[in-house]
Amino acid sequence: MGAVRLEAITWERLGDHLAERVLDLKPQDGSPWPRVAFDGAPAAHPGELAQRLFEALRVRGRPALVVGTEGFLRPASLRLEYGHQDVEAYYDGWFDTGALWREVFGPLEADGDGRILPDLRDPVTDRATRSPYVQLPPGGVLLLHGPLLLRHWFPFDLSVHLLLSPGALRRRTPETEHWSLPAFARYESEIGPGTAADVLVRADDPRHPAWNG
C-alpha cells in the first residue's frame with residue numbers, strides 16, 4: 001500500500017462522520033438496504049466500530065443491524081479438518097460464505113424481503129444458535145464486521161478497513177493465535193484492503209485512531 005494521508009480522529013467523531021455518510025448512501029443495485037463492511041483482524045476489533053456506528057445511526061433515527069462473521073463459522077468438523085492451526089483453511093474455509101450470501105445478503109437484494117438471520121452457529125459451543133430472523137425495514141443498514149471480508153465480492157455499499165501494522169497486529173494478537181498471522185499477510189498482498197476499502201482507519205494505537213477522511 002502506498003502512502004495514504006491520514007488525520008487523527010476520536011472514535012466518537014469517527015462514528016459520527018460515518019453515520020452522516022451512511023445516511024446519504026444509495027445502493028447502486030436498487031436495494032433499499034445499505035450494506036456496510038467493517039473489515040479487520042480480530043485484534044483490530046472491527047465489531048466495536050460497527051457497534052459505535054449502530055449507536056450513531058440509532059440517535060439519528062436510522063435502524064441498523066450489526067452482524068458478525070464469527071456467527072457464521074463453518075462446523076468445526078469442516079474448518080478444523082486439517083488441524084486447529086492450518087493457515088490455508090483459515091483463509092479459505094473457516095467462514096460459511098454461502099450462508100452469508102443466503103441468509104444475510106440475499107434478503108437485502110433489491111427484490112428481497114429484509115428478513116436476516118443474524119447468526120447461524122455459536123463459535124464457542126459449535127452448535128446451531130437457532131436465533132430468530134430479524135426484519136430490517138427499508139432504509140435499515142446492515143453493519144457486517146469480521147476479518148478478510150473484502151475478498152468475497154460481497155455487495156457492500158461502503159467498506160471500512162481497520163488497519164494494523166504488522167508489528168501492532170502481532171503485539172495485539174494473543175500468542176495462541178499467532179499462527180493465523182500469515183493469513184493476514186497474504187490478505188494484504190493479494191487484496192490490499194487498505195486501498196480497496198472506501199474508508200481506511202489506522203488503529204495501531206487503540207486510543208488514537210487516524211483515518212483518511
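3J(HN,Hα) along the range 30-35: x, 5, x, 10, x, 10 Hz, from the Karplus curve 6.51 cos²θ - 1.76 cosθ + 1.60 with θ = phi - 60°, whole Hz, x for Gly and Pro.
Solvent-accessible surface of the chain, averaged per residue with a 1.4 angstrom probe and all protein chains in place: 51 square angstrom.
Put simply, when 60-71, 130-141 are sorted by average Cβ atoms within 10 angstrom per residue, most first, you get 60-71, 130-141. Potential lengthening of the chain between residue 181 and residue 102 amounts to 25.5 nm, from the contour at 0.36 nm per residue minus the alpha-carbon distance. Evaluating 6.51 cos²θ - 1.76 cosθ + 1.60 at θ = phi - 60° for every residue in the range 203-210, the Karplus couplings come out as 10, 4, 9, x, 8, 9, x, 9 Hz, glycine and proline recorded as x.
In units of the compact-protein estimate 2.2 N^0.38 Å, the chain shows a Cα radius of gyration of 1.00. Legend: residues 176, 10, 129, sorted from most to least accessible area (1.4 Å probe; ligands, DNA and RNA excluded), read 176, 10, 129. Mean sequence separation of contacting Cα pairs (under 8 Å, at least six apart), scaled by the length of the range 115-208, corresponds to a relative contact order of 29 percent.
Loop-located chymotrypsin sites (Phe, Trp or Tyr not before Pro) in the range 21-86 (DSSP state not H, G, I, E or B) with no more than 13 neighbouring Cβ atoms inside 10 Å: 82. Just round it to a whole percent: the fraction of Cα-Cα distances in the range 76-139 exceeding 17 Å. Summing the P(r) tail past 17 Å for the range 76-139 gives 52 percent. For the range 82-98, the Karplus equation 6.51 cos²θ - 1.76 cosθ + 1.60, evaluated at θ = phi - 60°, returns couplings of 9, x, 7, 10, 8, 5, 4, 5, 4, 5, 10, x, 6, 9, 7, 5, x Hz by residue, with Gly and Pro reported as x. When a 1.4 Å probe is rolled over the protein heavy atoms, the share of accessible surface on the range 52-159 that falls to carbon and sulfur comes to 51 percent.
Of all DSSP bridge pairs formed entirely within the chain, close to 30 percent run antiparallel. Per the Debye formula on identical point scatterers at the alpha carbon atoms of the range 9-126, with no solvent, log10 I(q)/I(0) at q = 0.24 Å⁻¹ is -1.39. In the chain, the DSSP-assigned H stretches of four residues or longer account for a calculated mean residue ellipticity at 222 nm of -8000 deg cm²/dmol, using -39500 (n - 2.57) per stretch and the full residue count as denominator.
When both the range 10-58 and the range 182-213 are represented by their alpha-carbon centers, they are found 15 Å apart. Taking amide H atoms as placed 1.01 Å from N in the peptide plane, the amide H of residue 141 lies under 5 Å from those of 64, 65, each 5 or more residues away in sequence or on another chain. For the range 15-63, the extents of the C-alpha atoms along the principal axes are 34, 25, 16 Å, listed from largest to smallest. If you wrap the Cα atoms of the range 120-213 in a convex hull and average its projected area over all directions, you get 8.5 nm².
The values are calculated or read from the model by the stated rules, or taken from the named source; none is laboratory data. Just so you know, these numbers come straight off a predicted model, no measurement behind them. All Cβ positions, even for glycine, are placed from backbone atoms using ideal geometry, and neighbour counts span all protein chains on display. To get the accessible areas, we keep the full protein, side chains included, count just its heavy atoms, and leave off ligands, DNA and RNA. Shrake-Rupley method; radii C 1.70, N 1.55, O 1.52, S 1.80 Å.
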